[in-house]
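*Asks:* Got a structure for you, questions after.
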Amino acid sequence: MSDDAAFPDVIDLNVGGVLYTTALATLTGRPVGRLHAMFTGQEPVARDAKGRFFLDRDGVLFRYVLDFLRDGSVALPECFRERERLKREADKLGLAGLAEAAAGDGRCRPGGCITVGYRGSFQFGKDGLADVKFRKLSRILICGKVDLCRSVFGETLNESRDPDHGQSERYTSRFFLKHSFLEQAFDMLIEQGFKMAGSCGSGTAGGANADLKPGVDAEENRWNHYNEFVFLRE
């Protein structure tokens, strides 16, 4: 094909197994990059078994490529964890503007403080302290600015104890996570550029003569504790 007139106005794409339909003008609107070269006949472009144009690239991330070609900018979702992969896709396609947006978006995040707290114990076996099974966490609590907590934890954040009041600038101490994996919470904070600034913990919470709830083991009750961890992003 010698020029873009040989291509239809509407292009069906198979990108790594993910199907897209877009306008030829979108793919050729920027006079740079491999997509422009392919769909103006300067570079060959393959077809799949059904005659759709085929690109051997990451099909899921290609949606952001199309957004950039359409609008000249890209809005990445909260807790987006594939900036490096998107940058690599942009580099391979010769889209320097998209590569800069993918690399630079994470550096423009607002600073702030989030506190993670949990109340836990240890599960003991038949032999007591000699047979410690695993750490038990009843709930992981999240305290901080509402919009900051949402941007870090996304759908894993449970807001049922403090429903949305339409004020993202407010602070709350009533959020908690839908899971009980402390390390997962830490990983999400680290991925968003937070660093732990400090921590504190209580001693054992149960005394030998304390009244126990039904089903609570006396030895386990002695090892109840509460810990908090403060994370900062400057």
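No lab work stands behind these numbers, since they all come straight from the coordinates. Just so you know, these numbers come straight off a predicted model, no measurement behind them.
*Asks:* Grab the Cα-Cα distance for Ser138 and Ala96, subtract it from 0.36 nm times how many residues apart they are, and report the gain in nm with one decimal.
*Replies:* Here the answer is 10.4 nm.
*Asks:* Counting pairwise Cα distances across the stretch 4-108, what percent come out greater than 21 angstrom?
*Replies:* That fraction is 31 percent.
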